[in-house]
Structure formats: C-alpha cells, structure tokens
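What follows is a set of notes on a single structure, which appears directly below.
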Amino acid sequence: MSNYFNTLPLREKLNQLGVCEFMDSREFADGVNALKGKKLVIIGCGAQGLNQGLNLRDSGLDVSYTLRKEAIEGKRDSWKNATENNFKVGTYQELIPTADILINLTPDKQHTAVVKAVMPLMKKDATLSYSHGFNIVEEGMQIRKDITVIMVAPKCPGSEVRAEYVRGFGVPTLIAVHPENDPQGKGLAQAKAYAVGTGGHKAGVLLSSFVAEVKSDLMGEQTILCGLLQTGSILSFDKMIEKGIDAGYASKLVQYGVEVITEALKQGGITAMMDRLSNPAKIKAFEISEEMKDIMRPLFQKHQDDIMSGEFSKTMMEDWANDDKNLLRWRAETGETAFEKTPAGDVKISEQEYFDNYTLMVAFIRAGVELAFETMVQAGIKPESAYYESLHETPLIANTIARKKLFEMNRVISDTAEYGCYLFDQACKPLLADFMKKVATDLVGKNFNEGKDGGVDNRKLIDVNEAIRTHQVEKVGAVLRKAMTAMKAIKTA
Amino acid sequence: MQRPLLHIQDLNLKYQNKLVFDDLSWAIQKGEQWVLSGISGSGKTTLAKAFAGLVDYAGEIEINFDIESKLPAKVLFIESWYQFKNIEGVANFYYQQRYTAQQAKDTLTVNAELAHYGKENDLAFADVEPILIALRFASLKNSQLIELSSGEHKKLQLVKALWLKPQLLIIDQPYVGLDAKSREKLNILLDQACADGVQLILISNEDELPKSINHFAEIENGKLIEISAQEIALAKSNNELGEIPEFLKEAPVYSSDLIAKMVDVNISYGEKQVLKNINWEVKAGEKWLLQGPNGSGKSTLLSLINGDHPQSYANELYLFGNPRGSGESIWDIKQHIGLISPEFHWYFDSSSTVWQSVASGFYDSVGLFQQLPYTKSKQVDELIAYFGLTENKNDLLSSLSLGKQRLVLLARTIIKNPELLILDEPCQGLDQQQTAHFNQLVDELCTNGMTVIYVGHYESQLPSCLEKRIVLENGEVKKIEKIKKENHKVQAHLELID
C-alpha cells in the first residue's frame, strides 16, 4: 500500500483538496430514503458506534453490529453495549455478507486489519463507510472496485451525537465520497441519508473529500486543537508557579480556563472571545498573539508540509510498527508534568475572572486558531474545511481538558491526534522560551486590569478590532455558526 | 429567655430584580416546627434560600444555634429540584439517557454518592442504613444516579438530609414525586428527627404533615401570616378558567383505533429486570390512570410508548396501529403524542424562552430549531395567554419559578392538540389552584375525544375524566380495572394502593 494522495497528479490533488460545499438544507428533503430497507451493519460498538447506531435505528433504519469473535465470546463491553440495547450482534462471517452498508467505526489504527478482514466477506455492490479518511488516503488502502466508499463524520464526541439527536437537533457533520470507489454513483445519496439518520443535517453538513478531510483534520489536531492547548496550558501553569501564584489556583485556572474562554469562541468566534476582555487587555492580547504568530508560523508550516507530503503519517506508522514506543513514552511524560499532578484548588473563579486573569490563554487561542486556519488555506484547503478543523473543534477539545486535564484530552482523542500533539508540543515549547521570559502575572494569574486606568487610544482600538473582525476565519465562521446556534453548551466549570 | 433559633428583622428580598419581601420580621423559637405555604411564585423558595444564605438580601437574619446540641450547627436547605453531575463533573444529560445501557459508567452509584456525602460531613455510615430501609431505598445502593427515577432522586435528597440532621432543616416541597407510603414514612422519619432536636421548616401546600408540625404560615403578597392547621388545606381564592382556545376544541383525528398494545413486554438492564411480561392495550379515546410505587416502572412503561426506549425494538409492541421497528422513526411516533414528566422537565433546555419552549411542542424537540408558520405562531400566543404567561413570553425558561416553568411545559404538551396525552405527574410544583385548573383543562380536552394516560401520586389531585387504571408493582402489572365513580369523585374509590 502506498500513500494515495502522493499517487495523484497535482491537478487531481488540488481538485480533491478543494472539495468543500456547505450543503443547503433542501438537499436533505429525501430524508433517509436512500437507506430505507437496507441492512446497515456497524463494525465496533464504542461511543461513536453505539450512539450513531441508536440514532440510525431511531430514524427507522435496520441496524446491527458485527464484532470480532473474541469480543463476542468474551462478552466485552462492546458486545454488552450492543446486546443490552437490543441490537442484533454477529461475527464478521455471520453479518458482513448480509450488509448493504458496512459502517466502520473502529479506531484508526485498526482500520487496515479490519478492512482487510471484512472486504472479502462483503457482498457485491455493497457500501463501506468510514468516519475518518486516514486508511484510504495515508495508508492507501485499495477497496474492491464494485464497493462504494463513503465517509460520514459527525464533528462531535459520540455522547453529543446522541444527546443532540434525541432533543430533535444534531451535530455538524462532514460527508464525502471516495472518487475511486463510486461505481454506481449512489455514494452521495447514501452519505446524505446517513447524515439525516444521525440528525446531522439539522446542524449543517459539509460536503468534503477523503483527502481534504484527512489533510485538514491532521493539521488541526496537531496544531491548535491538541498541540497548542497542551503547550499553552503547561507554559501558563509553570509561569504562575514560577511567579508564586498559589498552585491550586493556577491548576484550576488552567484546567477550566480553556473551556470558559472557548465557549465565547464557539458562540461568536475570535471576535466574541476578544470582546470579553477589557479594551486595554484586548489590545495587549492582540499584540502578543501577533508576536506568537510570527514565532510559531514556521512550525505550523512544517506540520502542514509534513502532512501534505506524507512524512508525518510515515513516521507515525513506523512508531505503530515499533509497538508505539514513542507514543507511550510521550504519554507517560505528559502524565508527569507539574500541571497534571497539581489538583485544582477549592477556589471559586467567576466566569469573567477566567478572562481577566488568563489573558495569555486568550492570546494563545487567537494565535493558534488564526495560524492553523491561514496555514491550511495557504496549502489549498478550503476555508470552510479549515474552519471546522480549527475554530469549531477547539471548544470540544477544551472541554476534555476541563474534565480531566491533558491526560484526559490525550486519552479521548485518537492515537493519531495524540502522536501529532506530542510532536508539536515538543517543538513549540523551546520556540516560545524567549517569549515566555517576558510574560508577567498580569497576563496569567492576576487581573490584567488591576492598577491600570483602563484608557486606550481610539485609533489603536479601532485598528485592533478591525484586524480581528475582518479575518477570513471570522467571515466563514459567521455563516457556518448560524446553522448550529441551537447547540447546547457543554459546561463543567 | 432563650434566644430564638431564627430571627429576622426588616428583611428585604428580591427575586429576578422584583421585590418579594419588604421589611419582613419573623422569629422561630426553640422547639417550633413550621410549615410555609403559599401560591406558586409567592416567594417561599426565595425566603428559604435566604435563611440558608444562598441568596443576597438586605436586613438581618440571625441564627442562634444551640452550642450544647450534638446536632451539627447548620442550616440545610433541600431544594425541590435534585442535582447531580457525571463523574467528570458535567451535568449535560438528556432524559432518555437512563434507558440506554452503556458500559462506560458515567455517573456515581448511590453508594459512592452517599460515601462521598458521609465523608464530607463526617457522618457514620451505620446511621444511614435505617433511613435507607425506611424509605425502601436500600435496594438501589448499586444503581447509578442516572438510572434513578425522579421520585428516587427525591428520596436520595431526603436520605442525605435525615442522615445529616442539621439543627435547622428546610425542605422545599418534601413530598413531590413520592408515593403515598413513602410520604407516610417520611413523616415518621421527620418526627423522629424533631424528637432528636432538629427544627423544621417545610415548604409545602400539602395537608398530610408530620405530627410535630406546630406552626403554620402562609405567604401572601410579600407578607408572612401565621394561620391555623385547618386553613392550610383550604382552597385559595378562585379565578375563573378562561375559554380554551378554539384550536384545542377540535377532536383529534386517529389514524388507528389502537394507540398502544404491549404483548409480554420485558425490559432489563443486565441482571436487573424493570418490566416483566407487560400486557396492556390502550384504545383511542380511553382515559387511563397509571399508578404504582416509586421505582415500579411507570416511567419506563411510558418511555416505550413515546419511542424513547432502545429496548422497544426487541419487544412485541404496537404503536398507533404499527408494529414497533417496522421502519418508523421516533419522530413519526412522537408527532401523535404530547408528553410531560418530571424527568422531561428536569432535562429540558432551560436556555429557551417561554415562547420557544411552547412552540417546540409542535416539533417534539427540546428547544426550537425551526421557523413557525403564521397560524402556528398565533396558536402559541393564544395558548400562552390562556395559561396567563403572556408577560413572561420572552423570558428565559430558567428565569421562572419551577411552578411557572411547569405551566410553560404543560402548554407545550398540549399545543399540537395531540391524539395521546401522556401526563406523568404533570402538576408537580403547582399550587392547588393551578392543579385544579389544569385538571379541569384535561377534562375539557377529554370531552373532545383525546386519549390520556395520567400518572399521579395524589389521589385527591386527579382529573375526573379518568376511567380505567393500570397498577404496576415491581415491574409487573398488578391490576387493570375500571374506575368506579361515585359522587362524581374519583378519589373516593381509589384505595391507597401505593
């Protein structure tokens, strides 16, 4: 198997990277009809598997689960999840030959093994669905030519996919059809019906391609989503300890701060997040985030370049082959950081205080989101795709940090994201070393406005506001967010 | 002279920026046990919260604990609403969640929750056992919080309070959601607590109270007036019911004579069976009363009809004429039904406005995601006016008192004039007059041919249209029978079955 993307001529590379259409709700008027009466068989019954299956069945579709023999015989959790909710469960041999649509919801790393095992069992002209394109694009998995290959990827954790569905809404969803595997031209209709079945059409569906999804997803998760949140959290915590801020307070500010700050981001983009600061703090946050963007730009570009060239996936797959040696070592190191080991103190921090006392994180997030977005767009990824993989997902990841710090974040995200996150984090910390030397507690740990008179220069404020508001990520975001305003806030702080 | 336990001087108290108490003065002497009553929205809860230091106030509230008492020198306020979070600290649940079997354990078990509470308050675990047994809660120790019914959550709150035994215990709506036997038991337990030195303030409009209660007060127009025991049971001044909106007078059009039919239905979670061999048929136009003790499976039974239970698919179940799992979506089912239950209220999206909440009933969604056509939005306005909520229509649901929130959700339940109304303890949190009004409305809707399934623990607070009843016990059907009517009163004939 060789990297699929690298086999394409430049013209076709650009063509596939550029598939990006935010679909009108009228496109879904046919509901689930394209899947009605068909047999949907899901491989794997973890959080995504179970919750997507519950939704599809509640939309009137015929859903069953296939699991490896050992999972069934050992009555593992996946088997219990499926059977206790009254789904039919069978081995690959029993169920795959009956499947019209086979939905692969196993972890990335198992894809090659799973797909190789199931493909010979699939009936002629069936459909194989993925929720991530890594296996097809980076590993270059070749699928039998009669089989239709689609992707349906809800952009939220499995529990949210279910929670939003039962309240009559859904989560934003990305769909795609693999151009090499659409022999009857039915892929798009089926992917749309699938998105209706999980409720995704109510919150906005983005038509993408396997290539665009993978290249943007990897970039987002490595840089702004996981990598920078990890770097920013650790640097902020260490700075506060260095400056004598109470450790319990520092731990709480960092653990919950990203969630509170990015809730504003989720609702109103960078503009809303920056508007939560006082005018002087906003100008300061703008200035230092500009500085950070300049410092980190080469690193963001390197990540994007390695993703595009296949260098990233190649090194990661070498680590897979080496029993995840690097991944496991880096994971253990993250578990040992001072931030991870200091419990959040029993102090009350008001919602506004998270902004006023953690201006540094606001600057980190602005820098990271804009930089990731800009770098992706420069590499040929469309702005809508870049938005989903940067700004849109930041609050979701921030929420996992609030739950149980960085260790939890790295547990919840895929191993692929985790691997990329560590790569970024290790390179980013030294880059920011000089910058961090200048940071004082007014930016992190204490109220920025304390002892300042609150006055600003009109012209300067106008320029800063203008720069924030006219950035392309804000323009695209305003349109996409409109479709998902009804999503509930997930809150822990 | 001994100083009073609680002494209030010139108290000024606001709720949502409106002054509810103006220069209130009051004292509770040692040994006094109080009940506070008052109509919904009169400020009972706000006042109690002020005693517990949970809201801001102007004026003086002085509490004189007995330093020689063995009981903790604390004021404990038990909210009428329960709260819990999952293990990760998120309270982002949805009401169907407890019906879904999921191996990843999301919430604490009752045992772990009690252990945590005991440790926090330095309590001996041995002391909680008799309370658990008295409230028939012991068998739930290994249940997860998410699995508890609303009545069981209420019991858990009470267990904690009775275990802690603070010097001043304030309970807002102690009886809400409890079955008759549990209410009796609770009164005995409260009497014991009083004998041990606890002083009580119960906020309640009910008349089955602990014997120890020796003072009664009513809150009316920002005043606290001491009244006699008899007065508390008297109905409050009566406003006439307005004319119901025209669109609710239309008879529902039934697609099938059979609303629901269950044949040997079984539901279990792992080893635990919650419904056993249920056989039940609901025909179009029938008015059912569903009864059973807390935890007997009532809500689970109703969830099957409302399309909310994942295990419906492996059971023989017919809804609106079609076998369940024959290609219908849950939205196809819900469009025939208007449902309210304590859980539904608990999990409802409180960031919606009153208007949006009522309008969402047209689409069976929790929150409004669509534009309403003109005729429908007129109907929402009309119904909001009928319920007397016009001045609140743009308020956030979460900003209203629980009683008012409940009224909003009741309006949501009937807005589409559905074929089937599922009313699972619809009047929780309402005062007697509001309850009487709502039940009158149900009676009126029934005369138009609507089908009703009603759950209520209070025999005296049921609509008179109910004609049949099904009684559950431990997940089994104990009885299905016609309700005999005498003196035009249902309750005269309902023995105390739960």
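Data overview
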item: For A:Gly90: the one exception among (1) open to solvent by less than 10 Å² (accessible area, probe 1.4 Å); (2) within 14 Å of chain B (Cβ to nearest Cβ); (3) not charged (D, E, K, R); result: (2)
item: Residue in the stretch B:288-307 that is touching a residue at least 60 places away in the same chain (Cβ under 8 Å), of a type in the set (Val, Ile, Thr) and under 30 Å from B:Ser464 (Cβ atoms) present; result: yes
item: Scan of the stretch B:27-38 for residues that are over 19 Å from B:Ala229 (Cβ atoms) and either at pLDDT below 90 or of a type in the set (A, V, I, L, M) (or both), ordered by number; result: B:Ala27
item: Residue count, the stretch A:443-472 (criterion: surrounded by fewer than 18 Cβ atoms within 10 Å (Cβ to Cβ), touching a Ser or Thr at 6+ places or on another chain (Cβ under 9 Å) and small (Gly, Ala, Ser)); result: 1
item: Matching residues in the stretch B:101-134 - criterion: being within 14 Å of another protein chain (Cβ to nearest Cβ), open to solvent by 50 Å² or more (accessible area, probe 1.4 Å) and under 25 Å from the mean Cα position of the chain (by Cα); result: B:Asp106
item: Residues satisfying the stated conditions in the stretch A:144-154, i.e. open to solvent by 10 Å² or more (accessible area, probe 1.4 Å) and part of a loop (DSSP other than H, G, I, E, B); result: A:Arg144, A:Lys145, A:Asp146
item: Considering residues of the stretch A:237-246 that are of a type in the set (A, V, I, L, M, F, W, C) and either more than 16 Å from A:Tyr354 (Cα to Cα) or assigned to a loop (DSSP other than H, G, I, E, B) (or both) only, the residue most open to solvent (accessible area, probe 1.4 Å); result: A:Ile241
item: The listed residue being buried (at least 20 other Cβ atoms within 10 Å of the Cβ) and among the aromatic types (Phe, Trp, Tyr), out of B:Tyr15, B:Tyr82, B:Tyr95; result: B:Tyr95
item: Hey, B:Ser149 buried (at least 20 other Cβ atoms within 10 Å of the Cβ), within 22 Å of B:Pro293 (Cα to Cα) and of a type in the set (S, T, N, Q) or not; result: yes
item: Residue within the stretch A:374-383 that is in contact with a strand residue (DSSP E or B) (Cβ under 9 Å, 6 or more places away or on another chain) and crowded, with 23+ Cβ neighbours inside 10 Å present; result: no
item: Residue within the stretch A:25-33 that is in contact (Cβ under 8 Å) with a residue 40 or more places away in the chain, within 14 Å of chain B (Cβ to nearest Cβ) and in contact with a Leu (Cβ under 9 Å, 6 or more places away or on another chain) present; result: yes
item: Qualifying positions in the stretch B:431-441 - modelled with pLDDT under 85 and open to solvent by less than 20 Å² (accessible area, probe 1.4 Å); result: B:Asp431
item: Residue within the stretch A:389-411 that is at pLDDT 90 or above, more than 21 Å from A:Ser159 (Cα to Cα) and among the charged types (D, E, K, R) present; result: no
item: Residue ID - farthest from B:Phe93 (Cα to Cα), chosen from residues in the stretch A:167-187 that are crowded, with 24+ Cβ neighbours inside 10 Å and small (Gly, Ala, Ser); result: A:Ala176
item: Qualifying positions in the stretch A:41-57 - within 13 Å of chain B (Cβ to nearest Cβ) and either open to solvent by 10 Å² or more (accessible area, probe 1.4 Å) or in contact with a strand residue (DSSP E or B) (Cβ under 6 Å, 6 or more places away or on another chain) (or both); result: A:Cys45, A:Gly46, A:Ala47, A:Gln48, A:Gly49, A:Gly53, A:Leu56, A:Arg57
item: Members of the stretch A:403-442 found to be open to solvent by less than 10 Å² (accessible area, probe 1.4 Å), among the aliphatic types (A, V, I, L, M) and more than 16 Å from the chain's Cα centre (by Cα), listed by number; result: A:Leu432, A:Val439
item: Failed item in (1) within 14 Å of chain B (Cβ to nearest Cβ); (2) closer than 30 Å to A:Arg76 by Cβ; (3) surrounded by fewer than 23 Cβ atoms within 10 Å (Cβ to Cβ), with A:Met1 passing the rest; result: (1)
item: Of residues in the stretch A:165-206 being part of a helix (DSSP H, G or I) and among the charged types (D, E, K, R), the one modelled with the highest pLDDT; result: A:Lys192
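Here is a yes/no grid of residues against (1) part of a helix (DSSP H, G or I); (2) in contact (Cβ under 8 Å) with a residue 12 or more places away in the chain; (3) of a type outside the set (Ser, Thr, Tyr); (4) in contact with a Ser or Thr (Cβ under 8 Å, 6 or more places away or on another chain):
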{"residue": "B:Gln102", "(1), (2), (3), (4)": "no, no, yes, no"}
{"residue": "B:Thr107", "(1), (2), (3), (4)": "no, yes, no, no"}
{"residue": "B:Ala112", "(1), (2), (3), (4)": "yes, no, yes, no"}
{"residue": "B:Tyr117", "(1), (2), (3), (4)": "yes, yes, no, no"}
{"residue": "B:Ala126", "(1), (2), (3), (4)": "yes, no, yes, no"}
{"residue": "B:Leu132", "(1), (2), (3), (4)": "yes, yes, yes, no"}
{"residue": "B:Arg136", "(1), (2), (3), (4)": "no, yes, yes, yes"}
{"residue": "B:Asn142", "(1), (2), (3), (4)": "no, yes, yes, yes"}
{"residue": "B:Ile146", "(1), (2), (3), (4)": "yes, yes, yes, yes"}
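The values are calculated or read from the model by the stated rules, or taken from the named source; none is laboratory data. In this text the structure is predicted, and so the values were computed from the model without any measurement. No Cβ is skipped: glycine too gets one built from the backbone with ideal geometry, and neighbour counts run over all protein chains shown. For accessibility, only protein heavy atoms count, side chains too; no ligands or nucleic acids. Shrake-Rupley method; radii C 1.70, N 1.55, O 1.52, S 1.80 Å.
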